[in-house]
Amino acid sequence: MGTVVDSIKDAHVSFPGDKKIAVVFVLGGPGSGKGTQCAKIVENYGFTHLSAGDLLRAEIKSGSENGTMISNMIKEGKIVPAEVTINLLQKAMLESGNDKFLIDGFPRNEENRAAFENVTKIEPEFILFFDCPEEEMECRLLSRNQGRVDDNIETIRKRFKVFVESSLPVVGYYDLKGKVRKVDAAKTVNEVFDVVKDIFSPFHKKAE
Ligand code: ADP
Ligand code: C5P
Ligand code: MG
């Protein structure tokens, strides 16, 4: 039997022909507004939104054999091994039939980044980075009210630490390549989206 990585590679082969896949990585601390802004980008620019965190939570719910491991990692704010997350992302990309993706909350660390590049050979168009102070993110997470097991102050502190130590270096990596589009996320949802719209202007607007 092949490994998970083998099956991802097989899946990659079945991306239709030479179809150019556009990927935008959406990064930012927990509560910076990634999901909120992605929903607006989808409405306006026809991307498919794939949140790595949402896919991992769905995997727990589906009763998969990885469910307990993923659940424990999320409760502790730790990052799930890349092969698990990439497998879910790649499946969702294939199932969507689309060729434009917002990949939200990924790559979260160097392991995520390098594995995605090795397995899919996809180079992101750019990185949309939501910059937000911790106090503002903490406030938003504590009032998010989506029943998430990780939106409590103890786990939030751990997630902030992981973000600074593991995720910000990935933003730095892409910044050196000139690929980071940094947005001040400490404004209202619409003010943030006004800036996001300018960044997405090279992509065609969806027909009304
Ligand atoms: P992320 O996906 O980055 O963790 P979310 O989009 O889920 O963040 O937003 C976290 C919480 O903050 C949600 O309750 C959302 O409604 C709220 N929120 C998002 N953007 C803003 C904003 N610009 N100003 C105030 N609250 C916001
Ligand atoms: O992005 P979101 O806040 O939904 O992520 C929730 C949790 O999912 C993270 O704190 C982490 O435990 C897990 N996750 C992960 N790897 C990713 C994205 C999320 O392990 N690339
Ligand atoms: Mg989110």
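Only one of 108, 113, 144, 159 is closer than 24 Å to residue 58 by Cβ, surrounded by fewer than 18 Cβ atoms within 10 Å (Cβ to Cβ), within 14 Å of ligand 2 (Cβ to nearest atom) and in contact (Cβ under 8 Å) with a residue 60 or more places away in the chain; which? Full working, then the answer.
Working: 108 fails: surrounded by fewer than 18 Cβ atoms within 10 Å (Cβ to Cβ); 113 fails: surrounded by fewer than 18 Cβ atoms within 10 Å (Cβ to Cβ); 159 fails: surrounded by fewer than 18 Cβ atoms within 10 Å (Cβ to Cβ).
The unique qualifying residue is 144.
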From the residues in the stretch 59-72 that are under 23 Å from residue 154 (Cα atoms) and within 16 Å of ligand 3 (Cβ to nearest atom), which one is least open to solvent (accessible area, probe 1.4 Å)? 70
Regarding residue 153, is this residue of a type in the set (Val, Ile, Thr) and away from ligand 2 (no atom under 14 Å from the Cβ)? yes
Flagged in the stretch 41-68 as outside any loop (DSSP other than H, G, I, E, B), more than 15 Å from the chain's Cα centre (by Cα) and within 24 Å of residue 193 (Cα to Cα), in numbering order, are 43, 44, 45
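The values are calculated or read from the model by the stated rules, or taken from the named source; none is laboratory data. Everything numeric here is computed off the predicted structure, so don't read it as measured data. A quick note on method: Cβ atoms are made from the backbone with ideal geometry, for glycine too, and the neighbour counts reach across all protein chains shown. Accessible surface areas use protein heavy atoms only, side chains included; no ligands, DNA or RNA. Shrake-Rupley method; radii C 1.70, N 1.55, O 1.52, S 1.80 Å.
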